[in-house]
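Colleague: One structure follows; several queries about it will come next.
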Amino acid sequence: MRPPLRRAVPADAPAITELMQASIRELFPRFYDEAQTASAVVHIGQLDVDLIDDGTYYVHEAEGQIVACGGWSRRNRLFAGAGDAADDDRLLDPATEPARVRAMFVRSDWTRRGLGREILEACERAARAEGFTMLSLMATLPGEPLYRAYGFREVERVTITAPDGVTHEGVAMERPIDAA
């Protein structure tokens with residue numbers, strides 16, 4: 001049985017960060033080396049609380065534990081891990097810019113159960129309701145198969161440099177939002 005999906009609240013932040021970092025420690029070594037994984041824990045595994053404050057971040061909770069999280073943003077920031085940019089907080093124009101899918105993580109013992117897909121569906125519905133017609137994201141290598149299965153297409157492969165100088169391969173992806 002799939003645990004229920006709900007919007008994240010500020011009190012969830014510590015558990016979300018813990019899940020993000022545990023997921024990175026468990027899943028990233030299959031795709032990235034030891035230094036890249038350690039860097040990702042510090043720089044990618046940090047919750048952007050604006051997602052919770054904006055009401056665009058979701059969690060699956062099972063037996064009192066958050067086992068999956070992810071969301072979308074109407075703001076310009078595409079991903080965590082490369083430091084801050086001056087226009088990260090700029091609101092996107094739904095008529096001309098894609099909504100951003102952000103910070104998708106699933107606890108390793110809960111993968112392959114449809115939790116990530118359900119979060120993506122919730123993101124798509126909410127972004128559509130605000131007038132967006134496209135979704136974009138920066139996939140880490142462990143997340144790429146989920147996004148491809150959901151219909152995202154690769155735009156380009158990129159190298160992301162974290163604030164500590166460590167590089168990670170990422171995949172810029174996009175997908176049209178289905179009509180209601």
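Colleague: Would you tally the residues in region 153-175 being open to solvent by 80 Å² or more (accessible area, probe 1.4 Å), modelled with pLDDT of 95 or more and not acidic (Asp, Glu)?
Modeller: Within region 153-175, residues that are open to solvent by 80 Å² or more (accessible area, probe 1.4 Å), modelled with pLDDT of 95 or more and not acidic (Asp, Glu) number 3.
Colleague: Out of the residues in region 126-149 that are out of contact with any strand residue (DSSP E or B) (no Cβ under 7 Å at 6 or more places or on another chain) and assigned to a loop (DSSP other than H, G, I, E, B), which is nearest to His43 (Cα to Cα)?
Modeller: Within region 126-149, the first condition is being out of contact with any strand residue (DSSP E or B) (no Cβ under 7 Å at 6 or more places or on another chain), and the residues that meet it are 128-131, 142, 145-146, 148-149.
Adding the requirement that they be assigned to a loop (DSSP other than H, G, I, E, B) leaves 130-131, 142.
Numbers: Glu130: 30, Gly131: 31, Pro142: 16 Å.
Top of the filtered list is Pro142.
Colleague: Among the numbered conditions (1) in a helix (DSSP H, G or I); (2) open to solvent by 50 Å² or more (accessible area, probe 1.4 Å); (3) not hydroxyl-bearing (Ser, Thr, Tyr), tell me where Asp89 comes up short.
Modeller: Failed condition: (1).
Colleague: Right, something else. With the requirement that a residue be open to solvent by less than 60 Å² (accessible area, probe 1.4 Å), farther than 16 Å from Leu5 by Cα and not in a strand (DSSP E or B), what does region 92-125 give you?
Modeller: If the condition is that a residue be open to solvent by less than 60 Å² (accessible area, probe 1.4 Å), farther than 16 Å from Leu5 by Cα and not in a strand (DSSP E or B), then Leu92, Pro94, Glu97, Pro98, Ser108 are the ones that fit.
Colleague: Moving on to the next point. For region 28-53, which residues satisfy the criterion of being in a loop (DSSP other than H, G, I, E, B) and surrounded by 14 or more Cβ atoms within 10 Å (Cβ to Cβ)? Don't jump to the end; show me each part of the working.
Modeller: If we filter region 28-53 for residues that are in a loop (DSSP other than H, G, I, E, B), which is where we start, we get 31-33, 44-48.
Within region 28-53, Phe31, Tyr32, Ile44, Gly45, Gln46, Leu47, Asp48 qualify.
Colleague: Identify the residue in region 137-152 that is without any contact (Cβ under 8 Å) to a residue 40 or more places away in the chain and either closer than 21 Å to Gln36 by Cα or in contact with a His (Cβ under 8 Å, 6 or more places away or on another chain) (or both) and, among all such residues, is most open to solvent (accessible area, probe 1.4 Å).
Modeller: So, considering only residues that are without any contact (Cβ under 8 Å) to a residue 40 or more places away in the chain and either closer than 21 Å to Gln36 by Cα or in contact with a His (Cβ under 8 Å, 6 or more places away or on another chain) (or both), the one most open to solvent (accessible area, probe 1.4 Å) is Pro145.
Colleague: Sticking with this structure for a sec: Could you list, in sequence order, the residues of region 59-81 that are assigned to a strand (DSSP E or B) and surrounded by fewer than 20 Cβ atoms within 10 Å (Cβ to Cβ)? Steps first, answer last, please.
Modeller: Keep residues of region 59-81 that are assigned to a strand (DSSP E or B), which gives 59-62, 65-73, 75.
Matches in region 59-81: Glu61, Ala62, Gln65.
Colleague: Could you tell me which residue of region 1-27 is surrounded by the most Cβ atoms within 10 Å (Cβ to Cβ), considering only residues that are aliphatic (A, V, I, L, M) and within 22 Å of Arg125 (Cα to Cα)? Don't jump to the end; show me each part of the working.
Modeller: First, pick out the residues of region 1-27 that are aliphatic (A, V, I, L, M): 1, 5, 8-9, 11, 13, 15-16, 19-20, 22, 24, 27.
Next, only the ones that are within 22 Å of Arg125 (Cα to Cα) stay: 5, 8-9.
On the way: Leu5: 16, Ala8: 24, Val9: 11.
Among those that are aliphatic (A, V, I, L, M) and within 22 Å of Arg125 (Cα to Cα), it is Ala8.
Colleague: Only one residue in Ile16, Ile24, Ile52 is touching a Lys or Arg at 6+ places or on another chain (Cβ under 9 Å), at pLDDT 95 or above and either of a type in the set (A, V, I, L, M, F, W, C) or under 28 Å from Ala129 (Cα atoms) (or both). Which one? Give the derivation first.
Modeller: On the way: Ile16 fails: touching a Lys or Arg at 6+ places or on another chain (Cβ under 9 Å); Ile24 fails: touching a Lys or Arg at 6+ places or on another chain (Cβ under 9 Å).
Being touching a Lys or Arg at 6+ places or on another chain (Cβ under 9 Å), at pLDDT 95 or above and either of a type in the set (A, V, I, L, M, F, W, C) or under 28 Å from Ala129 (Cα atoms) (or both) holds for just one of Ile16, Ile24, Ile52, which is Ile52.
The values are calculated or read from the model by the stated rules, or taken from the named source; none is laboratory data. Computed from a predicted model, the values in this text were never measured in an experiment. Cβ coordinates were reconstructed from backbone atoms using ideal geometry, including for glycine residues, and neighbour counts include every protein chain displayed. Please note that ligands, DNA and RNA were not included when accessible areas were found on the heavy atoms of the full protein model with its side chains. Shrake-Rupley method; radii C 1.70, N 1.55, O 1.52, S 1.80 Å.
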